[in-house]
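The values are calculated or read from the model by the stated rules, or taken from the named source; none is laboratory data. Given the structure is predicted, the values throughout are model-derived calculations rather than measurements. With ideal geometry, Cβ positions are generated from the backbone for all residues, glycine too; neighbour counts draw on all protein chains shown. In case anyone asks, the SASA skips ligands and DNA or RNA and just uses the protein heavy atoms, side chains included. Shrake-Rupley method; radii C 1.70, N 1.55, O 1.52, S 1.80 Å.
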Amino acid sequence: MLKSALGGGALFGFGLALSTMIQPHVVLSFLRFQDMGLMLVLGGAVVVTFLVYRFVPKLLRRPVLGGAFGMHDSVMDRSTIIGAAIFGIGWGITGVCPGPAIAGLGAGSWELLYAIGGIALGALLQGLTAAREARN
């Protein structure tokens, strides 16, 4: 299972690097509607994800690596909306998303460590907030 996760992560990182999504200035120009090249990347990702989620469970009885296909409830609540807004604001300000930030480190863009530090801090604050809400 670890080998498949490593392989999948490497393939994902390679795709992000090939699409130039690991370069914050490219992402920012996309978000400003100046360069729509990443629209093909995002559109392709949406189409592939839709097809896989829609048809693979019908074609296969169980996942290739074992286990079972599962479903989870989607919840649109206050926390989801606030989290999405914070994520979007951070992405719009920095041009950095968590996956491309890690892939960018692999490509030698060490300035992305600042963004990863912010991502880690945000995750820590979310975990502390969720733990506090669970106790109440």
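Would you please give the FRET efficiency between Asp35 and Ile116, computed as 1/(1 + (r/R0)^6) with r the Cβ-Cβ distance and R0 = 25 Å, to the nearest 0.05?
0.55
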Per-residue [θ]222 nm for the chain (sum of -39500 (n - 2.57) over DSSP H runs n ≥ 4, rounded to 500) | -24000 deg cm²/dmol
Which of the trypsin sites (Lys or Arg not before Pro) found in the stretch 1-79 are loop residues per DSSP with 14 or fewer other Cβ atoms within 10 Å of their Cβ?
-> Arg32, Arg61
Report the longest stretch of the chain that contains none of the chymotrypsin sites (Phe, Trp or Tyr not before Pro) sitting in a DSSP loop with at most 16 other Cβ atoms within 10 Å.
-> 70-109
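Compute the Rg/Rh shape ratio of the chain: radius of gyration over Kirkwood radius, all on alpha-carbon atoms. Intermediate values should be presented prior to the final figure.
On the way: Rg = 17.5 Å, Rh = 17.5 Å.
My calculation of the ratio gives 1.00.
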Over the stretch 6-136, what is the mean sequence separation of C-alpha contacts under 8 Å (at least six apart), divided by residue count, expressed as relative contact order in percent?
-> 32 percent
So what does the Cα-only Debye profile of the stretch 71-136 read at q = 0.29 Å⁻¹, as log10 I(q)/I(0), no solvent term?
-> -1.23
Label points 7 Å out from Cα along the Cβ direction at Val64 and Ala107: separation in nm?
-> 2.6 nm
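Order Met21, Met71, most accessible first, counting only protein heavy atoms with a 1.4 angstrom probe. Could the numbers behind the result be given before it?
Working: Met21 20, Met71 185 Å².
The ranking, largest first, comes out as Met71, Met21.
In the stretch 1-48, how does Rg compare with the Kirkwood Rh, expressed as the Rg/Rh ratio over alpha carbon atoms?
Values: Rg = 12.7 Å, Rh = 11.7 Å.
We get a ratio of 1.08 for the stretch 1-48.
Just the number, please: carbon plus sulfur as a percent of the accessible area of the chain, 1.4 Å probe, no ligands or DNA/RNA counted.
The value for the chain is 71 percent carbon and sulfur by accessible area.
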Modelled label-to-label distance, Leu2 and Val75, 7 Å Cα→beta-carbon offset: nm?
-> 3.3 nm
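Might you tell me the accessible area per residue for the chain, computed with a 1.4 Å probe and given in Å²? Could the numbers behind the result be given before it?
Working: 10500 Å² over 136 residues.
Counting only protein heavy atoms, the per-residue value for the chain is 77 Å².
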